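Okay, so here's the structure we're looking at.
A short reminder: the numbers here are calculations on the coordinates, not readings from a lab. Treat the numbers as computed from the prediction; the structure is a model and nothing was measured. Methodologically, a virtual Cβ is constructed for each residue, glycine included, from the backbone with ideal geometry; neighbour enumeration extends over all protein chains shown.
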Amino acid sequence: MPAAARYNSQFVYKASSFEGDSIMTKTYMAKPVDIDARWFLIDAQGQVLGRLATRIATILMGKHRPTYTPHLDTGDFVVVINAEKFIVTGRKMKEKMYYRASRYPDGLTVTPLEKMLQTKPAEAVRLAVKRMLPKTTLGRQMFSKLKVYAGPDHPHAAQKPEPLKL
């Protein structure tokens, strides 16, 4: 069968058929002056780590807003308190490992989640959120809007963060 005969003529669209079409609309793209970042307060007590991190990453990226624009930081600030009191499901407390490499031979450091909670309790939440954000300069800018504290106190009362129930 010749190549030209394989194409059905009813599916061939002419460029002129879309000109002046009133159905097509333009996509809204936010401008840097249009962005007003809000502050949210999230209590991590009793929250599952992965689900908490997903919700925080969504807020940091700004995907919860109708004005989300992929190439701009349209996200809000997030303050997480009680970061040491999150929960994990299954046997992750003992089996989940965090890996760091010093770039020296045999420089791999492995830390279980259980030990990380004893030494740096807020770091587990911080790393979970960081790994869900884009790995670009924009992602690092979004990550700088995250403030994580192990206890119930935080120094951001002047910003009047809105409590967010997850």
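Taking every alpha-carbon pair under 8 Å whose residues sit at least 6 apart, the chain reaches a relative contact order of 29 percent. The Rg/Rh ratio for the chain is 1.20, where Rg is the radius of gyration of the alpha carbons and Rh is the Kirkwood radius.
Tally Lys and Arg at +1 and Asp and Glu at -1 over the other residues with C-beta under 15 Å from the C-beta of Ala37: what net charge comes out? Residues close to Ala37 contribute a combined charge of +2. Charge tally for Met93 (other residues, Cβ to Cβ under 14 Å; Lys, Arg +1; Asp, Glu -1): +3.
Residue exposure proxy: Lys26, Lys147, ordered by other Cβ atoms within 10 angstrom of their Cβ from fewest to most, comes out as Lys26, Lys147.
Between Arg103 and Gln45, residue separation times 0.36 nm minus the direct Cα-Cα distance comes to 17.3 nm. Among 116-123, 73-80, 47-54, 131-138, the peptide with the highest mean count of other Cβ atoms within 10 Å heads the list, and the full ranking is 73-80, 47-54, 116-123, 131-138. Once the chain from His71 to Lys135 is taken as fully extended at 0.36 nm per residue, the excess over their C-alpha distance is 21.7 nm.
Net charge of the neighbourhood of Asn82, taken over other residues with C-beta under 11 Å away and scored Lys/Arg +1, Asp/Glu -1, is -2. The angle between the Cα long axis of helix 49-61 and the main principal axis of the chain comes to about 50°, on a 0 to 90 degree scale. Taking the Cα centre of each part, how many Å lie between region 32-63 and region 83-147? Value for the Cα centre distance between the two parts: 17 Å. Projecting label points 7 angstrom from Cα along Cα→Cβ for Thr111 and Asp153 puts them 2.3 nm apart.
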